[in-house]
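Notes follow the structure.
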Amino acid sequence: MIATDYAKQANDVFVLPDAVIRIKQLIDDESASMQDIADVINFDPSLTIQVLRIANSALYKFPNKIESISKATQVIGTNSIYDLVIAYGVAKAFSSMDADVIDLDRFWEQSIFCALLAKYFAEKLGVKESERLFVAGLLHNVGELVMVRFNPDLATKCAQFSEQTTPVELQYKLMKATYADVGSTLIRMWGLPESIAKPIARQHFSMHKAQSIDEQILQLSYVLALDNVNQEFYGGNANLQDEMYEGLNLELEDLSSAVNYTNLQALSVFALFNPASFAM
């Protein structure tokens, strides 16, 4: 079964909250206002709580507490709010998964690590609206959750990577596709922005030459996250290639700073985006 088939099954089962779709419609509507978007979020109590938690978290470090969705929309921006709503919506859609198939805490740890790294590099390199790269990082491996749901035996086999075989090598050997293929296809089926789907589809440096700075950032962030979360296999940035950071005019010291920053932020952000923290 190819990636598209798995994504079609997931599209039928995993449904995004209505707010995600409605906010996208409002963003595309030139006559819509920030307050219109805030009203959609306010209509969903769990989403309201999540957006306010994010706005007041270490991700933003605003000097004053943000107590309303209207204020959050003003200071963060409508596109960035939408990106964060996507992150919430996808995590919520996958909140009920079988923890016996894969280590879900490790899954979300790597996802959050990748997200924080992508946002860090985007901001360092002056990329506007860095939240889309945070979301791409957070969702970079969502294809694995699709496989856990629809082919748990294969997902279990794909989780048996080692020093000799990377996850993407094992996935392609067993599936003739990758989790990146499955996840990006589902994200496109959901109608989410191509600015999120395409970097996810092309996240593997070993398979794709980066065509944009977004793709370069996600490829680098993926490898750093993979190596740092799986140090029993990949200590010392085992999968890092010089071209991945040199192409962004970064030094090894920049990578160390990024990883150190991410280690400091990861625990608090894990509490924000791990589905177990807001499953309803």
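Could you please give the count of residues in segment 93-138 that are under 18 Å from residue 250 (Cβ atoms), open to solvent by 50 Å² or more (accessible area, probe 1.4 Å), in contact (Cβ under 8 Å) with a residue 60 or more places away in the chain and assigned to a helix (DSSP H, G or I)?
2
Given the criterion of a type in the set (Ser, Thr, Tyr) and closer than 26 Å to residue 179 by Cβ, identify the matching residue among 57, 95. Walk me through how you get there before you give the answer.
Values: 57 fails: closer than 26 Å to residue 179 by Cβ.
One residue alone meets the criteria, 95.
For segment 42-53, what are the residues that are open to solvent by 80 Å² or more (accessible area, probe 1.4 Å) and farther than 24 Å from residue 264 by Cβ? I'd like the intermediate steps shown before the answer.
Residues of segment 42-53 that are open to solvent by 80 Å² or more (accessible area, probe 1.4 Å), as a first pass: 43, 45, 49, 53.
The answer is 43, 45, 49.
Consider segment 54-71. How many of its residues are crowded, with 18+ Cβ neighbours inside 10 Å and within 21 Å of the chain's Cα centre (by Cα)? Reasoning before the result, please.
Pass one, segment 54-71, residues crowded, with 18+ Cβ neighbours inside 10 Å: 54-55, 59, 66, 69.
Applying the additional criterion that residues be within 21 Å of the chain's Cα centre (by Cα) yields 54-55, 59.
Summing the residues that are crowded, with 18+ Cβ neighbours inside 10 Å and within 21 Å of the chain's Cα centre (by Cα) in segment 54-71 gives 3.
Which of (1) among the acidic types (Asp, Glu); (2) open to solvent by 40 Å² or more (accessible area, probe 1.4 Å); (3) under 14 Å from the mean Cα position of the chain (by Cα) is the odd one out, the single condition residue 83 does not satisfy?
Residue 83 satisfies every listed condition except (2).
What helices (runs of 4 or more DSSP H) lie completely within segment 139-241 and have 2 or more residues being surrounded by fewer than 17 Cβ atoms within 10 Å (Cβ to Cβ)? Before the answer, list the steps.
Details: elements: 142-150, 152-158, 167-175, 179-189, 194-201, 213-229, 231-234.
Once the helices (runs of 4 or more DSSP H) in segment 139-241 are filtered for at least 2 residues that are surrounded by fewer than 17 Cβ atoms within 10 Å (Cβ to Cβ), what remains is 152-158, 167-175, 194-201, 231-234.
With the checklist (1) without any contact (Cβ under 8 Å) to a residue 60 or more places away in the chain; (2) within 21 Å of residue 136 (Cβ to Cβ); (3) of a type outside the set (A, V, I, L, M, F, W, C) in hand, flag the one item residue 221 doesn't pass.
In the conditions (1) without any contact (Cβ under 8 Å) to a residue 60 or more places away in the chain; (2) within 21 Å of residue 136 (Cβ to Cβ); (3) of a type outside the set (A, V, I, L, M, F, W, C), residue 221 misses (1) alone.
Give the residue, chosen from 100, 181, that is of a type in the set (Asp, Glu) and more than 22 Å from residue 220 (Cβ to Cβ).
Values: 181 fails: more than 22 Å from residue 220 (Cβ to Cβ).
Only one candidate qualifies: 100.
Could you list, in sequence order, all residues of segment 1-41 that are among the small types (Gly, Ala, Ser) and open to solvent by less than 80 Å² (accessible area, probe 1.4 Å)? Write out each step before concluding.
Residues of segment 1-41 that are among the small types (Gly, Ala, Ser), as a first pass: 3, 7, 10, 19, 31-33, 38.
Result: 3, 7, 10, 19, 32, 33, 38.
Being in contact (Cβ under 8 Å) with a residue 24 or more places away in the chain and not in a helix (DSSP H, G or I) narrows it down to one of 31, 80, 70, 57, so name that one. Walk me through it before giving the result.
Values: 31 fails: in contact (Cβ under 8 Å) with a residue 24 or more places away in the chain; 80 fails: not in a helix (DSSP H, G or I); 70 fails: not in a helix (DSSP H, G or I).
Every option except 57 fails the conditions.
Can you tell me how many residues in segment 60-97 are farther than 24 Å from residue 184 by Cβ and of a type outside the set (S, T, N, Q)?
Adding up the residues that qualify gives 13.
The values are calculated or read from the model by the stated rules, or taken from the named source; none is laboratory data. The structure displayed is predicted, hence computed values, not measured ones. A quick note on method: Cβ atoms are made from the backbone with ideal geometry, for glycine too, and the neighbour counts reach across all protein chains shown. Side chains are part of the model used for accessible areas, which takes the heavy atoms of the whole protein and leaves out ligands, DNA and RNA. Shrake-Rupley method; radii C 1.70, N 1.55, O 1.52, S 1.80 Å.
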